[in-house]
1. Does A:D297 meet the test of being over 13 Å from A:F219 (Cα atoms) and either in contact with a helix residue (DSSP H, G or I) (Cβ under 6 Å, 6 or more places away or on another chain) or within 14 Å of chain B (Cβ to nearest Cβ) (or both)?
2. In the stretch B:239-284, how many residues are within 14 Å of chain A (Cβ to nearest Cβ), in a strand (DSSP E or B) and within 25 Å of the chain's Cα centre (by Cα)?
3. When only residues in the stretch A:202-228 that are closer than 24 Å to A:G288 by Cα and among the hydroxyl-bearing types (S, T, Y) count, which is surrounded by the most Cβ atoms within 10 Å (Cβ to Cβ)?
4. Would you be able to tell me the number of residues in the stretch A:168-185 that are assigned to a loop (DSSP other than H, G, I, E, B) and within 14 Å of chain B (Cβ to nearest Cβ)?
5. If you check every pair at least six apart or on different chains, which have Cβ atoms under 8 Å apart with a residue in the stretch B:501-523 that is in contact (Cβ under 8 Å) with a residue 40 or more places away in the chain and more than 12 Å from B:F468 (Cβ to Cβ) first and a residue that is of a type in the set (A, V, I, L, M, F, W, C) and assigned to a loop (DSSP other than H, G, I, E, B) second?
6. Among the residues of the stretch A:247-259 satisfying the criterion of being surrounded by fewer than 14 Cβ atoms within 10 Å (Cβ to Cβ) and more than 14 Å from chain B (Cβ to nearest Cβ), which is farthest from B:H472 (Cα to Cα)?
7. Across the stretch B:72-91, which residue is surrounded by the fewest Cβ atoms within 10 Å (Cβ to Cβ) among those that are within 19 Å of B:D115 (Cα to Cα) and out of contact with any Phe, Trp or Tyr (no Cβ under 9 Å at 6 or more places or on another chain)?
Amino acid sequence: MKRISFIGKLLLVAAAGMFALSCDKGNRDEDSVVSLDRAFFILNEGSYLKNNASVTRYNPETKRVESGVFEEQNGAGLGDTGQDVLAVGDELYISVNVSQHIRVTDRNLKSKAVISPADAPLSPRYLCQGGGKVYVTYYEGFLGEIDPATRAVRTVAVGPNPDGVVYANGKIYTADSGGYLDVPNTSLSVVDASSFTRTGSITVNSNPTSLVLCAGALFVYSYGSYKEGIPAKLQRVDLSTQQVTDIDYDSVSGIAARGDMLYVLCGGYDEQWNPLPGRIYKYDAARGQKAGEFVTDGTVIANAYKICATEHFIWATASDYTNNGDVYAFNPADGKLVAKLDSKGVNPSIIVE
Amino acid sequence: MTASGIELAILLTVSAVRGTCVDAQPSERADTLGAARVSDTRGGRSRLDSGVPTLRVGSAALERSGARDLAEVLRTLPGLNVKDYGGIGGLKTVSVRGLGAAHTALCSDGFLLTDIQQGAMDLSAFDLDDTGSIDVEIGTPDELFSPAGSFPAGSALRISPKALDFGDGPLKTSAGIGWGSFNSWKPRVRVEGRLAPGWGVSARASWLRSDGDYPFHDAKVISGGASSAGNTLRREGADVSVLKTGLRLEGNTRRGGTLTAGADWTSSERGLPGAVIYYTQNPTERLWDRDLSLRSAYERTAGGWRFRAGGFFRQHFTRYTNDDALYPTPLDDRYLQRHLGASGIVQRGIPLGPAGRELRLALAQDLSFASLAADMMACPDPQRLSSVSALNLQYRSERLTATAGVAATYVHEQSRKPDASVQTAPDRSRLSPSASLSWLAAKGLHLRAFIKDGFRVPTFNDLYYDHFGTIHLVPEKAFQTGAGAAWQVDAGAARLSFTADAYYNRVRDKIIAVPTLFVWHMRNLGRVDMKGADLSASAFVPLWGKYAFRAEANWSVLDAVDLSKPEAKNYGYQIEYTPFNSGAACLSLSSRTASLSYTLCAVGRRWYLPQNIAANEMPAYFDHSLAVRKDFRVHAALLSLAAEALNLTDVNYEIVRSYPMPGRQFRLSLQITI
């Protein structure tokens, strides 16, 4: 009896979930979608120390959401804490932070290689590419340079616990968060690509984490220092003068760039630390001015987690950190929701096309 | 995952393993546990005439089981769920009927042991070598003569020391050596004897060391394009070294009272192997513990009065290091907990006419002072003063036992740091009422029911951990109610007993860690409803000569659903790490000098994350073990040989995700007593 009643409840919950999902799909505006028969890859970070990082494949045309593809292709899981995924040619580079390697797969998620420094394993964070190389921050305090042809890695020391990384004009910038320090770090490292040496640093707000290149300038999102009472902040760095200016948004929790437009996800919490719904704002980076709210159809993003931009969509992810998350895809042209789906993994964070 | 998320996960893992380790103290006399009412050696593990379900593992059962730590014993009991991070050094805690480990009160030697920092005590800290019996009272203590602090808790687990043997003979010395898989060795020595007429003393020391590098089957690993299935790896950085020493004094005073005193010192060092992460193994954590415990109690029974008063002091030092390259400066944290307490119980029995009817009134009072000092940046060095008073009334007749009581808890906290900006939690007080009933409905058939409203106080980690803690937390409430039947039937010299209990529990204001973008916060957010049943059967059959056969089996079902947030995807789902079905069976053939026993633990599927989906499922497992024991007499010496084979079928399972349990392993031990 007990079992049956519970299973009954399970079915009810599952049914309610499916109903909710199908309703969301009903919002899809058929005309506004670019015709695509191409998969998107959603990286689910997973839960720390639970070895459940995963990649979910999503096709907006067929609405097919596939989880477990990597496991089926390779007979094993991705590992612990999927940090970043980058499309390099026809390959995907997936940095798996706690498992201490970068997994290279084809677009069917079939594993092709594992990349790790030769001497000792390091914990990869974020990836970027430029000048024919792939760059990765290692949280132990290094920038890695990967030759995609040979998969060989060389490293150079940067600041403490580097996080975000971008390549611009022969230079690599790393956000040296100092996340494992009692007092977080407040600078970016500048590394010259040709000599692969650290040539300088730029002082920014405390605990810099995300770097985005937009309209020729570098945008830095930093967590701030909760312990010191320093708030999160969005800053713009002029790459020629290295001048840093603050951009005034409240409760920033992530940034993404598409063309000359910067998308700023803002969250925040009420007094009880319940998350407020996420709001996405546009910042016209070319003109240097705010361009209003992005979402135009009233979509509420509860438990907003990350923001991501691809050629065809602006993505917001949602997570309560323990259950499978949600992914929202918006049309960049009109700010309307195109699709909402269960990410089939914990902490969906990055989407690549 | 954000850096702060990683930090919290580390905190939780570290504080999980950093647990305070107090040695199980000898001392409570068996009769203070109501052992007089425990069914004789033919019975099963349950007491039949109590208003709440009770479980008892006596010294003979302990010896037969071949168990070497408390977790091995508790996991065979109905309604108990042992959480185990694996290996000798891995943290082990016990939760009763799904309430969570912090709702289990551990009493040793008549004193309540608490870990003020993290709440749940590590079971591996208790020394089974010196344990005489283990009693579990589910819901509320049925024995009124219990320390006050055990009444507000969800369940009480009491560990009683081996009775001291101080007859007329000379000093009794026993020395032994144990060997186990993974290069484990445990030499031990114990001396006991008479100090003066009516006064006895015992001293013991043991040292356990192990490489702890047990093999486990890694999930399939892919290196580049090639997949290699079922690698066998070894746990790295799991070495353990534990030195336990203890001294105990017991004596009868001229006025008919009993005085006990004990002192224990434990020192340990261990590697923390951490979670098994796919594709990398990088143990960087170590833990040191030093624990000193002193206690003394005086007890006397006179007329209808029974009285006990005692005091204790405990100091626990922990050092934790982590030299992972992720930390720009390696971690080297030190924590010092101190507990000072006094405990008293007065019980009055008033006979009501003939036929053994009696009214019992008991008043118990615990006072304790606890402090935590840590060298972390923001630790306010909190101190807690707590008082628990318990007043209980029990009516007993041949057919009926009815108990009602209330416990009042008051907690005051302050900071030792003179900084005005340091805030401590406001004073808290709460009443925990309870009532139970046992009725002899027919010959050998007892019906029982209880109701209880208990709670747990937030731990210092919940309240004060650097930026994670929240001082405004309220206690986590645990309401419990249950009813059942216990039936015992004698067939010649054989005896059969059965118990069946059903229950409903509800946890409100569950204290959980809630992540935010920047930092995690402890909050009173959760609600869990539990419906369950525990069934047990046992048989005792005397065989030829002095041999006897015993069989015990139990099965528990528990439906524990999360009702915290209606909008969450796990609303209405079974909570993590909680099987719907679990059970155990023990079969033994024994005489006075030899025993052979088989134990099975069966645990159904469960989930390691809140959503009950295939990706989060942990498969069911069966763990079989065998134990054999034989005593020989060689002149004046008694030689005991014991051997155990654990996880016989070499099943690869995890209780906690990413923490594999050891596969098949063996142990041998030899002891000589002169």
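1. no
2. 1
3. Here the answer is A:Y221.
4. The total comes to 9.
5. B:N505/B:L99; B:V507/B:L99; B:L517/A:A232
6. Within the stretch A:247-259, the match that is farthest from B:H472 (Cα to Cα) is A:G259.
7. B:V82
Quick grid of which residues meet (1) within 14 Å of chain A (Cβ to nearest Cβ); (2) assigned to a strand (DSSP E or B); (3) more than 22 Å from the chain's Cα centre (by Cα):
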position	(1), (2), (3)
B:A551	no, yes, yes
B:A560	yes, yes, no
B:G583	no, yes, no
B:L587	no, yes, yes
B:L600	no, yes, no
B:L626	no, yes, yes
B:R629	no, yes, yes
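The values are calculated or read from the model by the stated rules, or taken from the named source; none is laboratory data. What you see is a predicted model, and the numbers here were worked out from it, not measured in a lab. Every residue, glycine among them, receives a Cβ derived from its backbone with ideal geometry; neighbour counts consider all protein chains shown.
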